[in-house]
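Encoded as C-alpha cells, the structure appears first; notes follow it.
The values are calculated or read from the model by the stated rules, or taken from the named source; none is laboratory data. Predicted model only: the values in this text are computed from it and were never measured. Here the Cβ is made from the backbone with ideal geometry for all residues, glycine too, and neighbour counts use every protein chain on show.
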Amino acid sequence: MNTVIDNINYGPLAQLIGKWSGNTGLDIAPASDGSPDESPFTNEITFTVAGAAENAEEQELVAVKYHHVVRRSDNGHIFHDQIGHWIYEPSTQLVMHSLTIPRGVCLLAGGTIEDSNGESVFDVSATAGSETYGIVQSPFMLKKAKTNAFHIKMTIKNNQLTYREVTFLHIYGKDFEHIDTSTLQRVTYNQD
Ligand code: HEM
C-alpha cells in the first residue's frame, strides 16, 4: 500500500487510516462485589492523519489520531469513548500510543510494531508511576479505581483489525484485570 500522504510517509501507521467496525466485542469490567461483569459490544474506530512532528530539532515523528466509540450490543448505548494518537519514529521503529477516556484517565504507552507474513502487531504498555510511559488519573480515580498498568496488542491483517487490551485496576479493595477484546473490519480508506 502507498504509505505516503501529503508528502509524509506514515510507514506502518498508514494501514490504520480509515474507518473500522466490529460487532463481536467483549468487555470484562469490575462489578461492585469484585466479580467480572461481561458485556458484549459493537465498536467503531476512525483513524485520520495527524501529520509529522519534530522534537528538539532531533526526533522525527509521524502520527495518526483516532476516535474509538463503543456501544452495548443489547441497547446501543455508548459505554466507552476514547481518543488518542498512535505515534511512530521511523529511525528507531519506536511506537507510542496516547489515550484519553472520559473517566479522568490519560496515558502514554510505548512499545513495538512487528511485521511478518503480511501481519502487523502493535504492542505497547504503560505503568502508573513511570515518568515516561505512564498514567495520569484524577484524585478520585487514584483513590477509588486506580489504573496500575495498561497493555494493548493490536493486530492488523487483510483489512481486519483485532485488539486485546488489559487495564490493570485496583478497585473495590482488590486487583482486577479489566479486559476488552474485539475484531473489526475495514469500512473505508478515507483519509480525513
Ligand atoms: C473497549 C474498551 C472499554 C470498555 C467497553 C470499557 C467499559 C467499562 C465498563 C462497562 C466499566 C464498568 C463501569 C461501571 O461499573 O459502571 C469500566 C470500568 C473502568 N474502566 Fe473501562 N472500558 C474500556 C477500556 C478502558 C480503558 C482503555 C481504560 C483505561 C486505560 C479503562 C478504565 C476503566 C476504569 C479505571 C474503570 C473503573 C471505574 C469503575 O468501574 O467504577 N477502561 N470500563
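State whether the residues of the stretch 30-49 include one that is small (Gly, Ala, Ser) and part of a strand (DSSP E or B). Yes; the residues of the stretch 30-49 include at least one that is small (Gly, Ala, Ser) and part of a strand (DSSP E or B).
Among the residues of the stretch 1-20, just one is without any contact (Cβ under 8 Å) to a residue 40 or more places away in the chain and part of a strand (DSSP E or B), namely VAL4. For the stretch 19-78, the set of residues classified as at positive phi and surrounded by 13 or more Cβ atoms within 10 Å (Cβ to Cβ) consists of GLY51 only.
Residues checked against (1) within 22 Å of PRO139 (Cβ to Cβ); (2) out of contact with any Ser or Thr (no Cβ under 9 Å at 6 or more places or on another chain):
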site: LYS65; (1), (2): no, no
site: SER73; (1), (2): no, no
site: ILE78; (1), (2): no, yes
site: THR100; (1), (2): yes, yes
site: ARG103; (1), (2): yes, no
site: LEU108; (1), (2): yes, no
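Residues of the stretch 66-102 being more than 16 Å from the ligand (Cβ to nearest atom) and within 19 Å of the chain's Cα centre (by Cα), which ones?
ILE87, TYR88, GLU89, GLN93, LEU94, VAL95
Of the residues in the stretch 95-103, at least one is touching a Gly at 6+ places or on another chain (Cβ under 9 Å) and over 27 Å from PHE41 (Cα atoms).
A Cβ distance below 6 Å, combined with a sequence gap of six or more or placement on separate chains, defines the contacts here; from the stretch 107-132, residues that are at negative phi and in a loop (DSSP other than H, G, I, E, B) reach residues that are within 16 Å of the ligand (Cβ to nearest atom) and not charged (D, E, K, R) in the pairs ALA128/ILE135; ALA128/ASN148. If you filter the stretch 21-35 down to residues that are over 15 Å from ARG164 (Cα atoms) and free of Cβ contacts under 8 Å to residues at least 60 places away in the same chain, you find that the one that is nearest to the ligand (Cβ to nearest atom) is ALA31.
Yes/no per residue for (1) more than 12 Å from the ligand (Cβ to nearest atom); (2) polar (S, T, N, Q); (3) touching a Lys or Arg at 6+ places or on another chain (Cβ under 8 Å):
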{"site": "ASP123", "(1), (2), (3)": "yes, no, yes"}
{"site": "ALA126", "(1), (2), (3)": "no, no, no"}
{"site": "LYS146", "(1), (2), (3)": "no, no, no"}
{"site": "ILE156", "(1), (2), (3)": "yes, no, no"}
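Residue-by-condition table, conditions (1) within 12 Å of the ligand (Cβ to nearest atom); (2) at pLDDT 95 or above; (3) closer than 26 Å to TYR10 by Cβ:
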| position | (1), (2), (3) |
| --- | --- |
| GLY104 | yes, yes, no |
| LEU107 | yes, yes, yes |
| GLY110 | no, yes, yes |
| GLY129 | no, yes, no |
| THR132 | no, yes, yes |
| ILE135 | yes, yes, no |
| PHE140 | yes, yes, no |
